[in-house]
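None of the figures in this text is laboratory data; all of them are computed from the coordinates on show. None of the values given here were measured: they were computed from a predicted structure. Every residue, glycine among them, receives a Cβ derived from its backbone with ideal geometry; neighbour counts consider all protein chains shown.
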Amino acid sequence: MSPSPDILPSSRLQRPTGALHRPGGWWIPIACANCGADGGFVPEDNASFAFYLCNNCADRWGPIANTYSEPDALFWERIHKGKP
């Protein structure tokens, strides 16, 4: 039996409710892939996949091999400063 690739689950909702219409299109909600906590929104047209772990789950389960991780607070700090 050959090994299967590591595939992260999608944090996009199967039946999204609460989508927001903003200039440029629709934004759909995402949730923590482990506990279901609110994860904010992603643009529907530009995000065919999104994976999100809330800070609590990320701290509890530790880093996922071969992935990038950034705490929510650091992400939002960079966004508010206008840095990519």
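For the chain, what ratio Rg/Rh do Cα atoms give with a Kirkwood hydrodynamic radius?
1.00
Computed from phi, the 3J(HN,Hα) profile of segment 16-21 under the Karplus parametrisation 6.51, -1.76, 1.60 (θ = phi - 60°) reads x, 10, x, 5, 10, 9 Hz, with x in place of Gly and Pro.
Only helices enter the 222 nm calculation for the chain: every DSSP H run of n ≥ 4 contributes -39,500 (n - 2.57), and dividing by all residues gives -5000 deg cm²/dmol, rounded to 500. For segment 2-84, the set of chymotrypsin sites (Phe, Trp or Tyr not before Pro) satisfying both a DSSP loop assignment and a count of at most 14 other C-beta atoms within 10 Å is given as PHE49, TYR68. Annotation for SER69 and TRP26: the two label points, set 7 Å from Cα along the Cα-Cβ direction, are 3.3 nm apart.
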